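Asks: What follows is a structure written as structure tokens; I'll ask about it next.
Here, each number is a calculation from the coordinates, and none is a lab measurement. Treat the numbers as computed from the prediction; the structure is a model and nothing was measured. Cβ atoms come from the backbone with ideal geometry, glycine included; neighbour counts cover every protein chain shown.
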């Protein structure tokens, strides 16, 4: 489309070194096409506040602004991180285009209001016609998941209009103090505070529709009271086969279903400990150490990405107590995602210990595995840990170490 309108188009792909070769066979094919180049972006530190791609892309946009030979700048976006750089491009009299997934209608709206032309990418559908699960938040703050009829994932103009109405409704009641944040968390707080019963929080559009239907009811709604944190757990599902995709309606739905369901926690001094227990990072047996549970949680690759996105990764100088309090504020924040990932499974670890001769049976009791991990870590010179998950993290991180990656997030345990 851009070629038809502006003529020659040069495309630059920004990613960590070696990613195209590791991702899938389509990446190398793409990079061999005429007019396509690859810009490797090193990962210098595990605690970089922003995704390094964002900084390099923004800098590249600003550099293009200075060229008189460049008339049009197009950027693939999924959030508002490049807004400032694109505003600068507009001031430089460039034609600015944001290529954005159609379902990101808030992002689309933001850029269009700036004067950026937006090309909407058709929504990619996973296996089937929509998610086949429901994640339901119960009135007592617990939750469950269940299979259901497929729910279409396409976003309509009506959906967008309903969302804007719900946003304004919640803003007036004080559940949305700023014009930002995750709407599903604000909806859950409103629903819980007013004791409205169970709420379907995934698909999230069903929660929005539930509030929209209540807006016409004449009632004195309760204003926000105690702070609350909504969690919509996901498992660390790397690959999902065709059968499971068909059963659940896609990879995301599968990971939510297998995580067991949402939960809502009232704020307290032990909020983080309660959350980590529910997510599988703490227990009363071999995972009692809170500091190590925090370490494993923030080093889960998906959790780490989410924390980096909001500038909330710990630094090496931080104490565990500081990390815990910061995470508490993240969980309570409107700007943090409700998707947090459960502790990883230990099957790969068990298989490795068996191959190395430290374990005789992959189905061994966890206490036997713990002792095997301790012996293995001592032989390999890895840090001594207090918990099962702590050893699992250290051993697997050592096996998967990559000099091109940012490495593990560390702090003072």
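Asks: What is the gain in length, in nm to one decimal, between residue 408 and residue 168 on full extension, counting 0.36 nm per residue of separation less the C-alpha to C-alpha distance? Can you show the working numbers first?
Replies: Numbers: separation 240, 0.36 × 240 = 86.40 nm, distance 4.11 nm.
Between residue 408 and residue 168, full extension yields an extra 82.3 nm.
Asks: Still on this structure, I have one more. List the equivalent ellipsoid semi-axes of segment 133-265 in whole Å, largest first, each obtained as the square root of 5λ for an eigenvalue λ of the Cα gyration tensor.
Replies: On the way: eigenvalues 148, 57, 32 Å².
Each semi-axis is √(5λ); the values are 27, 17, 13 Å.
Asks: Of 134, 176, 355, which is the most mobile in a GNM of the chain whose springs link Cα atoms less than 10 angstrom apart?
Replies: Per the Cα network of the chain with a 10 Å cutoff, 355 tops the list.
Asks: Report, in whole Å, the centroid distance computed from the Cα atoms of segment 194-250 and segment 342-413.
Replies: That distance is 35 Å.
Asks: Where Rh is the Kirkwood radius over the Cα pairs of segment 268-413, the temperature 37 °C and the viscosity 0.692 mPa s, what D in µm²/s does Stokes-Einstein return? Each step should come with its number before you reach the end.
Replies: Details: Rh = 15.9 Å.
Reported coefficient: 206 µm²/s.
Asks: Cut-off is 10 Å between beta-carbons; in what order do 202, 341, 151 appear when sorted fewest neighbours first? Don't skip to the answer; put the middle values down first.
Replies: Numbers: 202 26, 341 22, 151 18.
Neighbour counts put them in this order, fewest first: 151, 341, 202.
Asks: Test of understanding: in a Gaussian network model of the chain with alpha carbons linked when under 10 Å, which of 171, 91, 185 would top the mean-square fluctuation ranking?
Replies: Of 171, 91, 185, the Gaussian network model singles out 91 as fluctuating most.
Asks: Dividing the alpha-carbon radius of gyration of the chain by 2.2 N^0.38 Å (N being the number of residues), what value is obtained?
Replies: On the way: Rg = 23.4 Å, N = 413, 2.2 N^0.38 = 21.7 Å.
Computed over Cα atoms of the chain, the ratio equals 1.08.
Asks: For 12, 237, 218, which order do you get if you count the other beta carbons within 10 Å of each Cβ and list the fewest first?
Replies: Exposure proxy ranking, most exposed first: 218, 12, 237.
Asks: Of the residues 383, 203, 101, which exhibits the maximal mean-square fluctuation in a Gaussian network model of the chain defined by a 10 Å Cα contact cut-off?
Replies: Of 383, 203, 101, the Gaussian network model singles out 383 as fluctuating most.
Asks: Okay, helix-only estimate at 222 nm for the chain: each DSSP H run of n ≥ 4 adds -39500 (n - 2.57), divide by all residues, round to 500 deg cm²/dmol; what do you get? Walk me through the intermediate numbers first.
Replies: Numbers: 18 runs with 180 residues, N = 413.
My calculation for the chain gives -13000 deg cm²/dmol from helical runs alone.
Asks: To make sure I understand, if each residue's beta carbon is the centre and we count other beta carbons within 10 Å, what order do 391, 175 fall in, fewest to most? Numbers along the way, then the final one.
Replies: Details: 391 27, 175 24.
Exposure proxy ranking, most exposed first: 175, 391.
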